[in-house]
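For reference, the structure discussed in these notes is given below.
Each value in this text was obtained by applying a stated rule to the coordinates, not by laboratory testing. The structure displayed is predicted, hence computed values, not measured ones. Note: ideal-geometry Cβ built from the backbone for every residue, glycine included; neighbour counts use all protein chains shown.
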Amino acid sequence: MPAITENSYVPLISTIKSVQDLTPTEKVFEVELPGGRQLNHDPGQFVQLLVPGIGEAPISICSSPTDNNFHLTIRRVGDVTTAIHNMKEGDKVGIRGSFGNGFPVEEMKGNDVLIIAGGIGLAPLRSVIRYILANRTEYGEFTILHGARTPSDRLFKDELSRWADSSEINLLETVDHPDESWSGHSGVITTLFKGLTVDPSRTYALVCGPPVMYRFVILECLGRGIPDKQILVSLERHMKCGLGKCGHCQINGVYTCQDGPVFTFNQVRNLEEAL
C-alpha cells in the first residue's frame, strides 16, 4: 500500500497511547495518528519515526492492519531509540509511511504458513501473525518456530503463551541458553525443524531474525522442498531514509526500503551482502 502521507517527506505528528516494557532493552509503543486516521499498512511494512530535535529511525510495524492504532517494537541501541524509550503516554512523535513491500498475504491465502522468528525478528512477523489470526479461515496449517537467546529475551511473552494454548497455531519454541525458569526446548532455532512435516508445494516460509540465522534456516526450508519464491525474508536492517534517496540500504543496486524489506529468496539469493 502507498504511504498514508500525501507528502512522504512530511511526518504526521502522532500520539503515543501506551508503552509496554518487553525486556530491559525492548519496549512496544502503541501510536495513534492525528484525527484517528488508520495507517492501512501491509503486514511487513515499516514507518519512519521522528523524535523532534533528535532524529529519525525506520521501525517495523508489529501490529496487524486489523488492529486499532498501530504498534512499534523498539530496541534501545542509539540516540534516537534511547530518546524514544524515555517517552511516555501522551508524548508526540512524527510518523512517515508506511513504506516498503510487505508479506504477500493475499497470495498466501489458501496455503500453509510457516513462520520462523529469531530474537527481535518476532516483531515484524507479529504483524502477519496477527493478520492471519484475524483471518484464520482463509489460511491452511499455521506453524510458528520461535527462538530467543534466553528465556528473559523472549518478546511478547503473554502473547506467546496464548499462541501456545491456541488450537489455531502450532507454536514451537527454543532458547539458546536456558536457565532454571525454562522447561522447554533448548538449542538453536534450526533444531525445531526436526520432525517438522510440511507440504512444500503449498507452504510459505516467512523468516526474520539475526543475520547469522538466515542461511541455516533457508537451507532447512530448501531441504524440505519449499520453492525459492515461497521463502520470504524480511531484511529490515540497513534502512535509513525509507525513500530510496540516501543509498544507505542499497545492496548491489537493490534498495531494501523500496524493493523490500520483504523479499523472496529467489530475489536475494545472489546478493552476497543481503543474507
In the chain, with Lys and Arg counted as +1 and Asp and Glu as -1 at Cβ, which of these residues, Ala83, Leu196, Pro227, has the Cα nearest the positive end of the dipole, that is, farthest along it? Ala83
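How high is the relative contact order of region 12-99? Use alpha-carbon pairs under 8 Å, at least six apart in sequence, and give a whole percent.
About 38 percent, as a whole number.
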Hey, in the GNM for the chain with a 10 angstrom Cα cutoff, which one of Lys229, Lys17, Lys194 fluctuates hardest? Lys194
Over 5 Å intervals from 0, what percent of Cα-Cα pairs in the chain sits in each interval? 1, 6, 13, 17, 19, 17, 14, 8, 4, 1, 0
Phi-based couplings in Hz for region 22-37 (Karplus 6.51, -1.76, 1.60; Gly and Pro marked x): 9, 9, x, 10, 10, 10, 10, 10, 8, 10, 10, 6, x, x, x, 4
What number, rounded to the nearest 500 deg cm²/dmol, is the helix-based mean residue ellipticity at 222 nm of the chain, given -39500 (n - 2.57) per DSSP H run of at least four residues and division by all its residues? -5000 deg cm²/dmol
With θ set to phi - 60°, apply the Karplus curve 6.51 cos²θ - 1.76 cosθ + 1.60 along region 212-220 and write out the HN-Hα couplings as whole Hz, x wherever there is a Gly or Pro. 5, 7, 4, 4, 5, 5, 4, 4, 5
The whole-number value in µm²/s of the Stokes-Einstein translational diffusion coefficient for region 12-99, with Rh from the Kirkwood sum over alpha carbon pairs at 25 °C and 0.890 mPa s, is 192
Could you tell me how far the Cα centroid of region 13-41 sits from the Cα centroid of region 93-164, in Å? 18
Project the alpha carbons of region 13-63 onto their principal axes and report the range along each, largest first, in whole Å. 31, 28, 19
Here region 40-54 yields Karplus 3J(HN,Hα) values (6.51, -1.76, 1.60; θ = phi - 60°; whole Hz; Gly and Pro given as x) of 6, 8, 9, x, x, 7, 9, 10, 9, 10, 9, 9, x, x, 10
Just Pro210, Pro104, Pro24 to compare: in a GNM of the chain, with alpha carbon springs under 10 Å, which one fluctuates most? Pro24
Among Leu39, Leu12, Phe99, which residue has its Cα positioned farthest towards the positive end of the charge dipole of region 1-122, with +1 placed on the Cβ of Lys and Arg, -1 on the Cβ of Asp and Glu, and the dipole taken about the Cα centre? Leu12
Using alpha carbon coordinates only, what is the Rg to Rh ratio of region 135-185, with Rh defined as the Kirkwood radius? 1.03
Write down, largest first, the equivalent ellipsoid semi-axes of region 105-234 in whole Å, where each equals the square root of 5 times an eigenvalue of the alpha-carbon gyration tensor. 22, 17, 13
Skipping prolines and chain starts, which residues have an amide H placed within reach, meaning under 5 Å, of the one on Leu171, given they are 5 or more residues away or on another chain? Ile144
Within 10 Å of each residue's Cβ, count the other Cβ atoms and sort Leu155, Leu125, Leu196 from fewest upward. Leu196, Leu155, Leu125
For the chain, with the dipole built from +1 on Lys and Arg beta-carbon atoms and -1 on Asp and Glu ones, taken about the Cα centre, which of Pro151, Ser166, Val128 lies farthest toward the positive end? Val128
